[in-house]
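Below you'll find the structure, written out as structure tokens, and then a few comments.
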């Protein structure tokens, strides 16, 4: 029998010791997944209410563990999830307002600022809608232009979140000849911007791109190829229609449209 003092360091100790070791390894693996493994894909998804506490905790962890350039996106995502869960405005509106006013020209700051302004414009559009309905109740029609209803619209809502005029036009219901019974309202940058209630619905599917990462000079560029074979090349800060590329990580990239943050791997 080998004396305990001469037993090799790698010799098995006891079933209890082995079980404790397995538990510690599992906990370390779970911590690593929360800190880093969720970043490329799961941190940027909209969560059902039952998983809300776990997602908020993961985002809090990610805010310190992600690369510094993308940490503000984790903070914004937390506010977005709280908004979508129907929590009180005081929990998420200040972050939207802060992000919409953030200074900086880096791709992540600029992309988040664009997204925040889109959401603030949606909130403002709800109040403009209320003013237009008030006008309608008096006139039994919607105005020819917003200037006609200026008295009904608060001064701080007469421009969108970019400080630009609203895009407005009265429109007739489909298949009817009535005029000025409906209207279209949007922002100068996004005339067809989705309404607040519509944008809260589950996210649209992430584009099914085949992504190839290339170095062009000293800059990392992503080539995006869709199912039809169409390609586009984007570097951080670039845009493809309403979609902006905020950050390129190690095997993953963070994008934003006018409603959501989303990630894609490559």
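Taking a ≥ b ≥ c as the square roots of the eigenvalues of the Cα gyration tensor, an a/c ratio of 1.5 or more together with a/b larger than b/c marks segment 182-241 as prolate. Taking the average, over residues, of other Cβ atoms within 10 Å as the packing measure, peptides 250-259, 93-102, 139-148 rank 250-259, 93-102, 139-148 from highest down.
We did not get these values from a lab; they are worked out from the coordinates using the rules stated. A quick note: this is a predicted structure, and the numbers were derived from the prediction, not measured. Neighbour counts run over all protein chains shown; Cβ positions are idealised from the backbone, glycine included.
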